[in-house]
Amino acid sequence: MGNFSAKKNLSLCSTLMGGIALLSMLTAAGCSTTVAENPKVLQEVETGGQLPPNVTAFLGADASKLQPGTEGGAALVYINPNAQWSKYTKIQLMPVEFWADANSTISQADQQTLTTYAYNALQTDLGKQFTIVSQPGPDTITLRVALMDASASTPGMRSISVIVPQIKIINMAQSMVTGSYAFVGSAEAEMKATDSVTGELLAAAVDKRAGGMGIKGAASFQWGDAENVLDYWANRIATRFVELQGKPAPA
C-alpha cells in the first residue's frame, strides 16, 4: 500500500506540475500585445516558389535577396553587409503605401486610416534617433513602407477573449495548435531602405504580426490590433537602424 500510495502521489504531483507549467507558459505567451505570424510569402521563399505581385512590384529585383529572418526579427529580411550604417544620421520617410491584393476587402477609408497611422508612428519613433527630412541628401536613408494586408478584430469577442480567464486560456491553447488567436486583427507589411543619393539597397523586410493576448488589446476597436502591430514595427525599425550603427539599442 505504501508503494502504491507513493506512486499515486508522484503521478498526481507530476500531473499537477505539468498543468502548472502549461498554464505558466500560456500566461507568459499571452502577455504580449502582438505576436509573430508567418506571411504566405515566407513559404514561397523557402520553397523557391513565385513571390506575390505586391512583393515583387514594391521591392523590384531586390525581392530576390530576401531570406528567412531569425527568431524575434522580421519573417523575411535582407541587410546589406557592405552598408556604412554609422554615417546615416537622417531619414527621408516616404508616405506609407497600401499594396493589397486586387480582392482586398479593406475600404479606401480604412486603408487611409492605417497608412496615416503607420506614417505617424514611424515619424515619431524614427524622429527620436534620426533627423527626419523631406528631400534626399548625403548621409540620408530613404525609407519606404507599404502595408500588404490587414485584418480587423472582433471587438466584443476580442474583449471577452482577453479578460475572461477561462476563455483566455482556451484561446491561448488553441493558438499553440493553429498559430493564431481567435478574434484578433493583424497586419502585414514590407519595408525598403535605400541610400537616398545612390539608391543602393541598405535593407528590406517583409513581416506579419497579429494581436496578442495582452490586456492592451482588450478594449481595442476593430483596427486596434493592427495599430498595435504598426506601433511595434515603428519601434522595431528605429531600434534596428540604431543597432546596425553599432550603438546600444534605445531604452
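What follows is calculated from the coordinates using simple rules that are stated; it is not laboratory data. Since this is a predicted model, take the numbers as computed values, not measurements. Ideal geometry is used to build each Cβ from the backbone, glycine not excepted, and the neighbour counts take in all protein chains shown.
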- Which pairs in the list 87/208; 90/192; 90/247 are over 21 Å apart, alpha-carbon to alpha-carbon? 87/208
- Query: What's the FRET efficiency of residue 57 with residue 86 using the Cβ-Cβ distance as r and R₀ = 30 Å, to the nearest 0.05?
  - Reply: 0.40
